[in-house]
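Before any comments, here is the structure.
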Amino acid sequence: MNGGDDVVVASEEPLQPLEWKFSQVFGERAAGEEVQEVDIISAIEFDKSGNHLATGDRGGRVVLFERTDSKDQHGSRRDLESTDYSSSRHPEFRYKTEFQSHEPEFDYLKSLEIEEKINKIKWCQTANGSVFLLSTNDKTIKFWKVQEKKVKKISDMNIDPSKAIGNGSSSSNSNSSKPHLANGGSSDKSYNYPSNDFSFPPGGLPSLRLPSVVVSHETSLLARCRRVYAHAHDYHINSISNNSDGETFISADDLRINLWNLEISNQSFNIVDVKPTNMEDLTEVITSAEFHPTHCNTLAYSSSKGSIRLIDLRQSALCDSHAKLFEEQEAPGSRSFFTEIIASISDIKFAKEGRYILSRDYMTLKLWDINMDSGPVSTFRVHEYLRPKLCDLYENDSIFDKFECCLSGDGSRVSTGSYSNLFRVFGCAPGSTEATTLEASKNPTRRQVPTPSRPSRSLGNSLTRVVRRGAENTGVDANGNSFDFTTKLLHLAWHPSENSIACAAANSLYMYYA
């Protein structure tokens, strides 16, 4: 189960906090502009290369962006080295294409409306210049192929009118004073025949002038749905994840996880089933699931009770028992009405090499070492100032918001969103005190104030359990501003190889770099 040693590496000096800068925004709203529900972004995903970015929205659309700065590097290697291009370079993207992935449906058997909202997007392996991706709503997963096709155009007619000779006519007719038009037409208005009763005019028609089709240098993008994986989930799909074997993927709902082959859409295997015989005995549900990035037989899934289970597909066909269980014991006397609600894990992510798992519950980020199931390696408190407001958050249902999390490519930092369109970036290397708060706007540090962060205790080795705190002021947020529950940053993604973050604020996609 050892997945490598990629994330927390003991170093002599802690990493310096990154200085984040605004890069781009797509879909920026004008002041006072009302956001349409269907335009709100509901999923963000970089591909493995970092050259493509996909977003999904509540209207069932998938929008693709492609990186432009890496394609614009022209000139010799010496020229590029002399300009020190990499020192100022940061990922820049442009709109590529969009397509309607899902439509609203109605399940007549259950009298249930199925929303078109895109829950998750996952990139698959590219082939022959085409990109492939999976997208899912609550019930149906679709496999898409997006390819560039060269545009074919009809060129000018390929016969010179001055040299045209009529079919079935004498050469003298070609010297006729009648001017002839393209495609065998004639300017003489006397020959106006209905299409169903056509006869040749005296002397015949000029030569038939055929168009020639040429392939232009222009290209158009075509999105085709290759497969539809449906009718396998009774409950809402919350996760899809590609396997490292490139052939299979999983889909998870509240009670089951299914294993699919990309090539087979009419059959799946149920590998996890937590549904009790009597639904009244149900105590927890599956909230997120993800394959190990390099071990094709290993996957992890989280639950509403705050636990993470690691399972090995080689053990049995139905993985009722887990290989490892990760959960943090609650402190004595700390239990309250909200304890189980805020312990529910909304998202998990494996680090690049699979040694560590990052989880997000309502109040914290936790980093887990898969070789140490006694507790998390580090705990990062995202918005501790909300703890006194849990009653209000419960009343307006905000306490059930599902925030996503992400890790940097080198595993040295983690990030997640909060309210007021804020997101946090934490350093997770030993000795790091980095705890940055940024706002999804063109000036990300506009509302930034330094927040103290101190290691809470040491384990006596290179791995430390670290707790980062935001401001403890109960009346305002971490930045001393009034709090806004309606603007929440749920979805974000970290570029796989560079310090660049894409995040969604309602219908706007913001990108930052450091």
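If you go through the stretch 293-343 and keep only what is open to solvent by 60 Å² or more (accessible area, probe 1.4 Å) and basic (K, R), you end up with K305, R314, R335. When E81, E98 are screened for being open to solvent by 80 Å² or more (accessible area, probe 1.4 Å) and either at pLDDT below 95 or among the hydrophobic types (A, V, I, L, M, F, W, C) (or both), only E81 passes. Of the strands (runs of 3 or more DSSP E) entirely within the stretch 23-70, those holding at least 3 residues that are aliphatic (A, V, I, L, M) occupy 41-46, 61-67.
Being open to solvent by 20 Å² or more (accessible area, probe 1.4 Å), farther than 24 Å from E115 by Cα, touching a Pro at 6+ places or on another chain (Cβ under 6 Å) and at pLDDT below 85 holds for only one residue in S187, S220, S195, S216, and it is S187. If you go through the stretch 407-440 and keep only what is over 19 Å from Y362 (Cα atoms) and hydroxyl-bearing (S, T, Y), you end up with S408, S412, S432, T433.
Results for (1) modelled with pLDDT under 95; (2) of a type outside the set (S, T, N, Q); (3) closer than 22 Å to S344 by Cα, shown as yes or no for each residue.
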{"position": "I250", "(1), (2), (3)": "no, yes, yes"}
{"position": "D254", "(1), (2), (3)": "no, yes, yes"}
{"position": "I257", "(1), (2), (3)": "no, yes, yes"}
{"position": "N261", "(1), (2), (3)": "no, no, no"}
{"position": "S268", "(1), (2), (3)": "no, no, no"}
{"position": "P276", "(1), (2), (3)": "yes, yes, yes"}
{"position": "S288", "(1), (2), (3)": "no, no, yes"}
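Is it true that E353 is open to solvent by 10 Å² or more (accessible area, probe 1.4 Å), farther than 15 Å from E290 by Cα and in contact with a Gly (Cβ under 7 Å, 6 or more places away or on another chain)? Criteria not met by E353.
For the stretch 396-438, filtering for residues that are of a type in the set (G, A, S), surrounded by 20 or more Cβ atoms within 10 Å (Cβ to Cβ) and touching a Pro at 6+ places or on another chain (Cβ under 8 Å) leaves 3. The set of residues in the stretch 370-395 being surrounded by 22 or more Cβ atoms within 10 Å (Cβ to Cβ) and among the aromatic types (F, W, Y) consists of F380 alone. Of the residues making up the stretch 266-302, those that are without any contact (Cβ under 8 Å) to a residue 40 or more places away in the chain and not aliphatic (A, V, I, L, M) are N266, Q267, S268, K275, P276, T277, N278, E280, D281, T283, E284, N297. Restricting the stretch 260-292 to residues that are of a type in the set (S, T, Y) and not in a strand (DSSP E or B) leaves a set whose member that is least open to solvent (accessible area, probe 1.4 Å) is T283.
The values are calculated or read from the model by the stated rules, or taken from the named source; none is laboratory data. Keep in mind it's a predicted model, so treat the numbers as computed, not measured. Don't worry about glycine lacking a Cβ; one is built from the backbone with ideal geometry, like all the others, and counts go over all protein chains shown. Note: accessible area is taken over every heavy atom of the protein model, side chains too, but ligands, DNA and RNA are not part of it. Shrake-Rupley method; radii C 1.70, N 1.55, O 1.52, S 1.80 Å.
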